[in-house]
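S.K.: Before anything else, here's the structure in question.
The values are calculated or read from the model by the stated rules, or taken from the named source; none is laboratory data. Note that the structure is a prediction, hence the values are computed from the model and not measured. Reconstructed Cβ throughout: ideal geometry from the backbone, glycine too, with neighbour counts over all protein chains shown. Quick note on the areas: whole protein, heavy atoms, side chains included, nothing else; ligands and nucleic acids left out. Shrake-Rupley method; radii C 1.70, N 1.55, O 1.52, S 1.80 Å.
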Amino acid sequence: MVITPHAAVRGFLNHGNRRFAPLGSSASIDRSDFATFCGRDQLGPGPGVKAVVHDRYGSPDVLRVEEVPVPSPAAGQVRVKIAATSVNLSDWECLRGSPAYARIDGLRFPARRTLGSDIAGLVDDVGEGVTQFRPGDEVYGDNLRLKGGFAEYTLAPESALAHKPDQLTFVEASTIPQAGAIALQGTKGAGTGRRVLINGAGGGSGFFAIQLAKRLGAHVTGVDNASKLDFMRSVGADRVIDYRRDDFTRTSQPYDLILDLAAHRSVLAYRRALAHGGTYRCVGGSVSTLLRLLTVGRLVGGLTGRAIGILAVQEGPAHFEPLAALCTTGDIQIHIDRRFALDEVPAALAHVGEGRASGKVVVVLS
Ligand SMILES: NC(=O)c1ccc[n+]([C@@H]2O[C@H](COP(=O)([O-])OP(=O)(O)OC[C@H]3O[C@@H](n4cnc5c(N)ncnc54)[C@H](OP(=O)(O)O)[C@@H]3O)[C@@H](O)[C@H]2O)c1
């Protein structure tokens, strides 16, 4: 897939703020505000449900558990009774409002009051026109547009969801959608004998990426902090680097493919680390690095026989179900670092955001 700078920035920013369409309108101002904050297009009658909410950007201290009305599904939407929601670094970024792209929808206040996009649970109700799901179905998906997974119920567009494989628990299924899409697309081009480096490989996407690249026959180097070196080895990395001690860009054996989940270096450093004909793709990192990659990176790559740029990850079941299939057969292992309860969401987000998690962290609802 050829990514133009414009498309890449749009894709990346859409990812960062997790909203792809305007919210539905609501009759009364109060309910409309409420819908906006909850990330729900409509609110239904009935008893309240528990949700973790925030009204401003900040540390996990700004989060609190609130009782909110049960949301009603609009046309094309599915209401899911949440069983598990995995935490992604993007949840932390949207809580903090940093990097800047996390504020693209709400410069001063969060556009979505309840975070959590990688959901798994039971279909509870469906809106008009929904054909693939009915109440009682077990589903999972990356609810990029509406989020709301850190709650007892949320709404999701039908197109974001897939039927959960019977072989996976809800907790396991919730780890796959976003991290799986990143790992599958980020390791495209890995192959027998190719030298692949994954920067940030000990986190939620990285441990899937290590395993996928190994399955394709690549020689894999994983980079992360010292506490995650053993973990990266345990999922198959041939070589590991502690980024606080060693600089992977200063290498005598450059890499054919670099997947960067935490990009903060200069374009010239990345060019130095790449073999002739090699490819560097950034998925996450600082905004300034991203912009440099899109401009100088493309130029330097083009002039030196390398491809340097960012990966705008495509979402949806087609992009994560292949990984789920490999997990059901046991070809790819799911590693869950820790589980948290709904009222522990602040601690769960901090665990991921402060870099303490090896693999995935999941919020489990009873
Ligand atoms: N481009 C797109 O379309 C797209 C789509 C989805 C997600 N994303 C982005 O993808 C990124 C990765 O997500 P994830 O869920 O895999 O994150 P994650 O679970 O937090 O993993 C990132 C890992 O990188 C490590 N790290 C931090 N700084 C590092 C450095 N300087 N060098 C090497 N490793 C470093 C972290 O550990 P420590 O912090 O402990 O060091 C952590 O283990 C996020 O920024 C997310 O926003 C992009």
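S.K.: Roughly speaking, to the nearest percent, how much of the chain's 1.4 Å accessible area is carbon and sulfur? It would help to have the intermediate numbers written out before the result.
M.R.: On the way: 7650 of 14880 Å².
Its accessible area is 51 percent carbon and sulfur atoms.
S.K.: Straight distance only, please: which aspartates and glutamates reach the Cα of Lys228 with their own Cα at less than 15 Å, same-chain residues fewer than 8 apart left out?
M.R.: In chain and number order, the partners are Asp238, Asp242, Asp246, Asp337, Glu354.
S.K.: Using a cut-off of 13 Å between alpha-carbon atoms, which aspartates and glutamates can reach Lys188, once sequence neighbours fewer than 8 places away in the same chain are excluded?
M.R.: Straight-line reach from Lys188, under 13 Å: Asp256.
S.K.: Something else now. Starting from the amide H of Val49, placed 1.01 Å from N in the peptide plane, find each other amide H under 5 Å away whose residue is 5 or more places distant or on another chain.
M.R.: Hits under the 5 Å cutoff: Val68, Val70.
S.K.: If each DSSP helix of 4+ residues adds -39,500 (n - 2.57) and the sum is divided by the residues in the chain, what number results at 222 nm, nearest 500 deg cm²/dmol? Numbers along the way, then the final one.
M.R.: Numbers: 12 runs with 103 residues, N = 366.
After summing the helix terms and dividing by residue count, I get -8000 deg cm²/dmol.
S.K.: Quick one: 3J(HN,Hα) in Hz for segment 161-176, Karplus 6.51/-1.76/1.60 with θ = phi - 60°, rounded, Gly and Pro as x.
M.R.: In residue order, the calculated couplings are 10, 9, 5, 6, x, 4, 6, 9, 6, 4, 4, 5, 4, 5, 7, 8 Hz.
S.K.: While we're on this one: Which peptide among 314-320, 249-255 comes first, and what is the full order, when sorted by highest mean count of other Cβ atoms within 10 Å?
M.R.: Working: 314-320: 18.0, 249-255: 14.3.
So the peptides 314-320, 249-255, ranked by packing, come out 314-320, 249-255.
S.K.: Could you report the chain's accessible area per residue, 1.4 Å probe, as an integer in Å²?
M.R.: Working: 14880 Å² over 366 residues.
Heavy-atom SASA per residue in the chain reads 41 Å².
S.K.: Still on this structure: Which cross-chain or sequence-distant (5 or more) residues have an amide H under 5 Å from the amide H of Val240, H modelled 1.01 Å from N in plane?
M.R.: Amide H neighbours of Val240: Gly222.
S.K.: Sort segment 217-261 into rounded, prolate or oblate with this rule: let a ≥ b ≥ c be the square roots of the eigenvalues of the Cα gyration tensor; rounded if a/c is under 1.5, and if a/c is not under 1.5, prolate when a/b is larger than b/c, oblate otherwise.
M.R.: Oblate, since a/c reaches 1.5 and b/c is not below a/b.
S.K.: Also, quick follow-up: What is the sum of charges around Arg64, taking Lys and Arg as +1, Asp and Glu as -1, for the other residues whose C-beta is under 14 Å from the C-beta of Arg64? Working shown, then result.
M.R.: On the way: positive: Lys50, Arg56, Arg113; negative: Asp55, Asp61, Glu66, Glu67, Asp343, Glu344.
Computed value for this residue: -3.
S.K.: While we're looking at this one, here's another question. How big is the antiparallel share of DSSP beta bridges in the chain, given as a percent to the nearest 5? All intermediate terms of the calculation are to be shown ahead of the outcome.
M.R.: Values: 33 of 60 bridges.
Here the share of antiparallel DSSP bridges comes out near 55 percent.
S.K.: Relative contact order for segment 265-350: what percent, with Cα pairs under 8 Å and sequence separation of 6 or more?
M.R.: Values: 67 pairs, mean separation 21.9, N = 86.
Once divided by the residue count of segment 265-350, the mean separation gives 25 percent.
S.K.: Also: So how far apart, in nm, are the two label points at Asp247 and Lys50 if each is 7 Å from Cα heading toward Cβ?
M.R.: 4.9 nm
S.K.: Grab the eigenvalues of the alpha-carbon gyration tensor for segment 287-349, scale each by 5, take roots, and send me the semi-axes largest first in whole angstrom. Could the numbers behind the result be given before it?
M.R.: Details: eigenvalues 244, 86, 24 Å².
Gyration-tensor ellipsoid for segment 287-349: 35, 21, 11 Å.
S.K.: Another one. Under a crude label model (7 Å from the Cα following the beta-carbon direction), how far is Gln333 from Ala307 in nanometres?
M.R.: Spacing of the two 7 Å Cα→Cβ label points: 3.1 nm.
S.K.: Normalised by the empirical 2.2 N^0.38 Å for globular proteins, what value does the Cα Rg of segment 203-347 take?
M.R.: Rg over 2.2 N^0.38 Å, computed on Cα atoms: 1.13.
S.K.: Compute, for the chain, the length of the dipole vector about the Cα centre, with Cβ point charges of +1 (Lys, Arg) and -1 (Asp, Glu) only. Units Debye, rounded to 20. Intermediate results must be reported in sequence, preceding the final value.
M.R.: Numbers: 41 positive and 36 negative charges, 312 e Å.
Around 1500 debye, computed over the chain.
S.K.: If contacts are Cα pairs under 8 angstrom and at least 6 residues apart, what is the relative contact order of the chain in percent?
M.R.: On the way: 895 pairs, mean separation 62.3, N = 366.
Result for the chain is 17 percent.
S.K.: A further question on this structure: Find the eigenvalues of the gyration tensor of the Cα atoms of the chain, then list the square roots of 5 times those eigenvalues as equivalent ellipsoid semi-axes, largest first, in whole angstrom. Each step should come with its number before you reach the end.
M.R.: Details: eigenvalues 244, 92, 67 Å².
Semi-axes from the Cα gyration tensor: 35, 21, 18 Å.
S.K.: How long is the gain from Val287 to Gln132 if the chain were fully straight, where each residue apart is worth 0.36 nm and the alpha carbon distance is subtracted? Provide the component values of the computation, followed by the final result.
M.R.: Details: separation 155, 0.36 × 155 = 55.80 nm, distance 3.82 nm.
Residue separation times 0.36 nm, minus the Cα-Cα distance, leaves 52.0 nm.
S.K.: Let me ask something additional. What ranking do 85-98, 295-308, 174-187, 157-170 get when scored by the average of other Cβ atoms within 10 Å per residue, highest first? Mind showing how you got there, number by number?
M.R.: Details: 85-98: 24.7, 295-308: 16.4, 174-187: 26.8, 157-170: 18.5.
The packing order, highest mean first, is 174-187, 85-98, 157-170, 295-308.
S.K.: Hey, can you grab everything whose amide H is under 5 Å from the amide H of Arg306? Only 5+ residues off in sequence or another chain; H modelled, so Pro and N-termini drop out.
M.R.: Gly277
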